[in-house]
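The values are calculated or read from the model by the stated rules, or taken from the named source; none is laboratory data. Fair warning: this is a prediction, and the values are worked out from it, not measured in the lab. A quick note on method: Cβ atoms are made from the backbone with ideal geometry, for glycine too, and the neighbour counts reach across all protein chains shown. For the accessible areas, the whole protein counts, side chains as well, though only heavy atoms, and no ligand, DNA or RNA atoms are used. Shrake-Rupley method; radii C 1.70, N 1.55, O 1.52, S 1.80 Å.
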Amino acid sequence: MNTPDADGILAEQLLRLTRRVHRIQKRHLESRGLGITPAQSRLLRTLSLYGSPPRMADLAERLEVVPRAVTTLVDGLEATDQVRRAPDPTNRRVIRIEITDTGRRTLDELRSVRRAAAEEILAPLTAGQRDVLGSLLMALIDGPDLTSGRSPESR
């Protein structure tokens, strides 16, 4: 008798949830008329995490994408005045990416979009279930990175 592959089923459920989250966030983004893609949204959020403007290579590494993908995203965001390229004050060959005031306002809207999407996704859960889910997700997020061989403590 065949027993279902519980880990395989769980992995499929996680992938389906991820796709659902992306669809819902995209729908909320479009309803706000921000004219920004989910990938551009992610770049803006990532850019806001830096204390000083990062290089394109820094963004590519943090986003885990090729530098060309960051260039395309920055081009799109720059065209709508969300970010700007600025020369590095200590090395004129280096270009840094700065978030603009328009980009900061967009980030505020994006936070609102993410909250609305989260509320929709989490609506079926009680407060207690949300707490349990949060704890489980943190355990998965903080788990060992098997691709690098590093544990969360060494990151």
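Along each principal axis, taking the top coordinate minus the bottom one, the Cα set of the chain gives 66, 40, 28 Å in descending order.
The residues packed around GLN13, meaning those with a beta-carbon under 15 Å from its beta-carbon, carry a net charge of 0 if Lys and Arg are +1 and Asp and Glu are -1. Largest accessible area first, the residues LEU44, LEU14 order themselves as LEU14, LEU44 under a 1.4 Å probe with ligands, DNA and RNA left out.
Under a Gaussian network description of the chain, with springs only between Cα atoms under 10 Å, the residue in SER31, SER135, SER41 that fluctuates furthest is SER135.
Which one of THR102, ILE141, PRO67 has its Cα pushed farthest toward the positive end of the charge dipole of the chain, where Lys and Arg give +1 and Asp and Glu give -1 at the Cβ? Farthest towards the positive end: THR102. Above 23 Å, the calculated P(r) of the stretch 15-104 contains 26 percent of its Cα-Cα pairs. Hydrophobic long helices, here whole DSSP H runs in the chain with Kyte-Doolittle means of at least 0.5 and Cα atoms spread over 20 Å or more along the helix axis, are found at 127-141.
Rolling a 1.4 Å probe across the protein heavy atoms gives the chain an accessible surface of 70 Å² per residue. Per atom type, the chain shows carbon and sulfur on 55% of its accessible surface, probed at 1.4 Å. Would you mind telling me which residue in ALA117, ALA86, ALA11 has the biggest mean-square fluctuation in a Gaussian network model of the chain, where springs connect alpha carbons within a distance under 10 angstrom? Comparing ALA117, ALA86, ALA11 in the GNM, the peak value goes to ALA11.
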